[in-house]
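Here is the structure we will look at, set down as C-alpha cells.
The values are calculated or read from the model by the stated rules, or taken from the named source; none is laboratory data. Here the structure is a predicted model, which means the values were calculated and not measured. Positions of Cβ are generated from backbone atoms using ideal geometry, with glycine treated the same way; all protein chains shown enter the neighbour counts.
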Amino acid sequence: MLFPKVDLPNAFTPLGSAPNNVIFVRGFGIGRMRFMIFNRFGQKVFESNSTKLGWDGRFNGVVQPMDAYAYILEVEFTDGTRTTKKGDITLIR
C-alpha cells in the first residue's frame, strides 16, 4: 500500500544544468496544493498550485540573488488528509 507523501529540495541552482535549475514539489497522492516562496523581506516571489509548475529563481523576470527563501506548502491529498510544510530553500549561483 502506498501512502500520501510530499517533499521538495532545500536548495537549487537556477541558470545551472537540469534537473537542479527549477524547484518542484514532488509527491504521491497530491490532490490540491498551494506552494508559496518569499524573500527575506516577506515579499511573495512565487506561487503555484501545480506540481508541474516550479520556481526557476526569477521574480518579475529577474533572477533573484543567492539567499535563503522561506516557503509554505499546503497540501490536500487524494485521501482527504492535509499537511502544511514550512521551511527554507537556498538559491545557489
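Just to be sure before I move on: is Gly31 out of contact with any helix residue (DSSP H, G or I) (no Cβ under 6 Å at 6 or more places or on another chain), surrounded by 12 or more Cβ atoms within 10 Å (Cβ to Cβ) and not aliphatic (A, V, I, L, M) in the structure I sent?
Taking the combined requirement at face value, the residue satisfies it.
Applying the selection to the stretch 48-66, what residues are among the aliphatic types (A, V, I, L, M) and closer than 18 Å to Arg26 by Cβ?
Step one: filter the stretch 48-66 for residues among the aliphatic types (A, V, I, L, M), giving 53, 62-63, 66.
Leu53, the sole residue that qualifies.
Which members of the stretch 1-39 meet the condition of being among the basic types (Lys, Arg) and out of contact with any Phe, Trp or Tyr (no Cβ under 6 Å at 6 or more places or on another chain)? Walk me through how you get there before you give the answer.
First, pick out the residues of the stretch 1-39 that are among the basic types (Lys, Arg): 5, 26, 32, 34.
Hits for the stretch 1-39 are Arg26, Arg32, Arg34.
Does Leu91 satisfy the condition of being within 10 Å of the chain's Cα centre (by Cα) and of a type outside the set (Gly, Ala, Ser)?
Details: within 10 Å of the chain's Cα centre (by Cα): no; of a type outside the set (Gly, Ala, Ser): yes.
Against the criterion (within 10 Å of the chain's Cα centre (by Cα) and of a type outside the set (Gly, Ala, Ser)), Leu91 does not qualify.
Determine which member of the set Phe35, Phe3, Phe46 is in contact with a Ser or Thr (Cβ under 8 Å, 6 or more places away or on another chain) and either modelled with pLDDT of 95 or more or part of a loop (DSSP other than H, G, I, E, B) (or both). Please lay out each step first, then the result.
Numbers: Phe3 fails: in contact with a Ser or Thr (Cβ under 8 Å, 6 or more places away or on another chain); Phe46 fails: in contact with a Ser or Thr (Cβ under 8 Å, 6 or more places away or on another chain).
Exactly one of Phe35, Phe3, Phe46 is in contact with a Ser or Thr (Cβ under 8 Å, 6 or more places away or on another chain) and either modelled with pLDDT of 95 or more or part of a loop (DSSP other than H, G, I, E, B) (or both), namely Phe35.
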